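Following: one structure in structure tokens, then a few remarks.
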Amino acid sequence: MSDKVIVDLTENFARVGEPIDFTFDCKPADELLPYPDAHLENIRAQLTVTFLRPNVDVQGKIVCSVSGRCDRCLDDVSAQIEVPFHQVFYKDVAEDEDGYVYTGSKLDATKAVCDEIVLSMPTNLLCKPDCKGLCPKCGCNLNERQCGCDTAKENAFAALKNLKF
Ligand SMILES: [Zn+2]
Ligand SMILES: [Zn+2]
């Protein structure tokens, strides 16, 4: 498994305007992720590449799995993330600062793919959308059992305390 997404454009150059499908499996760096102790695995990029002379249109989707720990209950989490992808790669020089370029017959889409994954990450990694988290009082996992701690009363009391000067 490579750690880069590099499209060989030779065939595209011969077939201007025709979409050609490519699939890449790669293993990216973990430091891309905004969460501690998380790992990004098995990136699969399914891309349709069209040579529009001189620019190259790349679209498709990226699927990857993220494993780490739930933000609320600290349980192990493994989530599959699917990201739509659509970028234009300019020949040699980008039209703007954020644009991507290709040189010669090789189009390196690694950075574009990684950027897209990072942008699409949910802000919190959760084991499930309605994870109840840990009890603030006794620390038990509220998804597994109800500890019966009276946390509502405590919160109301804390709120009252904050009102006083
Ligand atoms: Zn959780
Ligand atoms: Zn409790």
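Do you know which residues across the stretch 116-165 are assigned to a helix (DSSP H, G or I) and either at pLDDT 90 or above or of a type in the set (Phe, Trp, Tyr) (or both)? Talk me through it step by step, then tell me what you get.
Narrowing the stretch 116-165 to residues assigned to a helix (DSSP H, G or I): 116-120, 151-163.
Listed by number, the residues that qualify are GLU116, PHE157.
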**Message:** It is to be established whether one or more residues within the stretch 3-17 are closer than 16 Å to VAL118 by Cβ and assigned to a strand (DSSP E or B).
**Reply:** no
**Prompt:** When the stretch 61-78 is examined, which residues are found to be surrounded by fewer than 16 Cβ atoms within 10 Å (Cβ to Cβ) and either more than 16 Å from ligand 1 (Cβ to nearest atom) or within 16 Å of the chain's Cα centre (by Cα) (or both)?
**Reply:** LYS61, VAL63, SER65, SER67, SER78
**Prompt:** Does the stretch 25-33 contain at least one residue that is exposed (fewer than 15 other Cβ atoms within 10 Å of the Cβ), under 19 Å from PRO54 (Cα atoms) and either at pLDDT 90 or above or under 22 Å from the mean Cα position of the chain (by Cα) (or both)?
**Reply:** no
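The values are calculated or read from the model by the stated rules, or taken from the named source; none is laboratory data. This one's a predicted model, so the numbers in the text were calculated from it and none came from an experiment. We place every Cβ from the backbone using ideal geometry, glycine too, and count neighbours over all the protein chains shown.
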